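Beneath this line is the structure, given in structure tokens, with notes to follow.
The values are calculated or read from the model by the stated rules, or taken from the named source; none is laboratory data. Since the model is a prediction, treat every value here as computed from it, not as a measurement. Ideal geometry is used to build each Cβ from the backbone, glycine not excepted, and the neighbour counts take in all protein chains shown. The area values use the complete protein model at the heavy-atom level, side chains included, leaving out ligands, DNA and RNA. Shrake-Rupley method; radii C 1.70, N 1.55, O 1.52, S 1.80 Å.
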Amino acid sequence: PISMSETVEELLKWLDDEEVRRIGIWGMAGVGKTRILMHLNDKAYQLGKLNPIIWVKVQKEGAVKNIQSDILARLKLEVQHMDRTAHVAHKISMALEKLDYLLLLDQCPGDIDLNEVGIHHKHKGKVIVASRDKPDCAAMDIHRVFKVSKLSDGDAEELFKETVGDIADHPHFKGIKE
């Protein structure tokens, strides 16, 4: 399996590619997609190439409004009629049009029309979608797709320790870790 840092480095190369605006990462639950996005978020912030960086944990119900709400909050934009999706999308699109943003959409179902959110191909920004299913990525007009397989042993142990805390080193968990 490829390491977390190798995965992040590969995704950063794709972010540098002018032709690539939308990237999909997919894999079964628990393989580390959210963790990859966290590392990518941190690395992109350190490099300072993309700004602002907007992270959205997508809710299945009302996904478009959920994404719009998080983008508005991150950009400190106010909208009078949140119930008018097209109005909100226009305001978001106008704000993002000239920005080199990075939008990270975690746990994203494939039935989201990014145009409806206010994210358009003509924007200079980049979008990374994390989903469980490859077809979800295809449905969102993704340019490049990266399959996240099993974590490397070192990354898996680190994730386990982050998840369970100090008790990870207890002898009782030795078999579980392996």
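In this Cβ point-charge picture (+1 for Lys and Arg, -1 for Asp and Glu), segment 1-160 has a dipole of about 380 debye about its Cα centre.
Would you kindly state how much longer the chain becomes between Glu9 and Asp113 on full extension, computed as 0.36 nm times their sequence separation minus their alpha carbon distance, in nm to one decimal?
Numbers: separation 104, 0.36 × 104 = 37.44 nm, distance 2.79 nm.
Stretched fully, the Glu9-Asp113 segment lengthens by 34.7 nm.
Among the listed values [x] 15.9, 48; [y] 17.4, 57; [z] 19.1, 61, the one matching Rg and Dmax of the Cα atoms in Å as calculated from this structure is [y]. For segment 104-131, backbone nitrogen atoms closer than 16 Å to the point 7 Å from Ser69 Cα along Cα-to-C-beta are found at 106, 117. Relative contact order for segment 46-123: 45 percent, from Cα pairs under 8 Å spaced at least 6 residues apart, divided by residue count.
Counting only C-alpha contacts under 8 Å and six or more residues apart, can you give the relative contact order of segment 11-97 as a whole percent?
On the way: 36 pairs, mean separation 13.8, N = 87.
In percent, rounded to a whole number, it is 16.
Accessible surface for Arg22 stands near 10 Å², nearest 10, in the context of the full protein assembly shown (1.4 Å probe).
Extension gain for Ala138-Thr34 works out to 35.5 nm (0.36 nm per residue, less the C-alpha to C-alpha distance). Report Ser5's accessible area, 1.4 Å probe, all protein chains in place, as a number in Å² to the nearest 10. Around 80 Å² of this residue is reachable by solvent. The modelled label-to-label distance between Asp16 and Lys124, using points 7 Å beyond Cα along the C-beta direction, is 1.9 nm.
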